[in-house]
Amino acid sequence: MTALRDRLRNVFGEDAFDWLDRSYITDWVVATGAWFIAWNIKGLPPYQREFDHKDPLIDHKHHKSQIGGDLNWFIAFVAPFAVIGVTACLRRSALDLHHSALALYATRAFAEVATELLKNRVGRLRPDFLSRCKWDKATKACAGDVETILDGRKSFPSGHSSTAFSGMMFLSLWIAGMTGAWCITRPTVARSFLASRLARLSLSLLPLLFATWVAISRLEDYRHHKEDVIVGSLLGIACAVICYLTYWPNPFAQPQPSAYHARVLYTNRRLDARENGYQYELAGIEHTNGVDSV
């Protein structure tokens, strides 16, 4: 363990891991707990919503997905981490590498648990539900494959959309922060192709094109209604924004891109903060309204 730590310090620098704190372990545990909850909810039977076997809204043919769930999950998680992780290694920043992994892990976890919870409790029927159901007039019940029918009751919200937008929105925020693409009021170095505002803006929005294509494909494949896709996309975006801003600076108001790094959340240094007339010292003695206490 000591040899590994020494090797990492040789790569990232002697003070590269001074920011490490046990509180980050709790962060990892909380995110992992969200994954565990989502996995358990996914195995539960969804709400059994009543339906009309002549309803045209759920009477579309069952099509093969343009992009599979596993591939979508892989791209949404691995692509952002690969881009950010390689950049962090090139910058020799262990802080960026750790925070990238943790923030992205938490983003996907919270998006997953919110999506699975809503899918299970709402139980909305997919547009191709009757095709899955294979309605039997004699028994007046579905005669199709049980698992396929149960999946047909999980239309709201779109899991593909929340997955794609959570990962791609996270990558988009990171690119915007690294390039200063969204700090439109700050001047950049002149006479440089890389200083182009539109080029940086286009680069930061590029990941969202993939997420948008995934969302639209769910409508084309008749796997979701438009409301499912909209809510799923917003869920993914919200989780990405919250988790990103927890560990990274605001991409709309940031220092120069060369100084853009993940934020240190926990520290052992003595910090003073004044709020509502109170002064706190995070390490050592607490001073409150003129009364000292340990």
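The values are calculated or read from the model by the stated rules, or taken from the named source; none is laboratory data. Fair warning: this is a prediction, and the values are worked out from it, not measured in the lab. Glycine also receives a Cβ, built like all others from the backbone with ideal geometry; neighbour counts cover every protein chain displayed.
Does R124 meet the test of being in contact with a Gly (Cβ under 6 Å, 6 or more places away or on another chain), basic (K, R) and assigned by TED's automatic domain parsing to the domain that holds L209?
Answer is no for this residue.
Using beta carbons and a limit of 9 Å, which pairs, at least six apart or on different chains, have the first residue in region 96-122 and touching a residue at least 12 places away in the same chain (Cβ under 8 Å) and the second one basic (K, R) and part of a helix (DSSP H, G or I)?
Within 9 Å, the pairs are E112/K42; E116/K42; K119/K42; N120/K42.
Among the helices (runs of 4 or more DSSP H) lying completely within region 88-170, list those that include at least 3 residues that are touching a helix residue (DSSP H, G or I) at 6+ places or on another chain (Cβ under 9 Å) and charged (D, E, K, R).
94-122
Condition first: at negative phi, touching a residue at least 40 places away in the same chain (Cβ under 8 Å), assigned by TED's automatic domain parsing to the domain that holds R49 and assigned to a loop (DSSP other than H, G, I, E, B). Can you find one or more residues in region 209-221 that meet it?
yes
Given (1) of a type outside the set (A, V, I, L, M); (2) touching a strand residue (DSSP E or B) at 6+ places or on another chain (Cβ under 6 Å); (3) modelled with pLDDT of 90 or more, identify the lone condition not met by D27.
Checking D27 against (1) of a type outside the set (A, V, I, L, M); (2) touching a strand residue (DSSP E or B) at 6+ places or on another chain (Cβ under 6 Å); (3) modelled with pLDDT of 90 or more, the one that fails is (2).
For the list (1) under 18 Å from the mean Cα position of the chain (by Cα); (2) surrounded by fewer than 19 Cβ atoms within 10 Å (Cβ to Cβ), I need the number of the one condition that R108 fails.
Result: R108 fails condition (2) only.
Please go through region 49-102 and give me each residue that is among the charged types (D, E, K, R), loosely packed, with under 13 Cβ neighbours inside 10 Å and more than 19 Å from the chain's Cα centre (by Cα), ordered by number.
Answer for region 49-102, where residues must be among the charged types (D, E, K, R), loosely packed, with under 13 Cβ neighbours inside 10 Å and more than 19 Å from the chain's Cα centre (by Cα): R49, E50, D52, K54, D55, K61, K64, R92.
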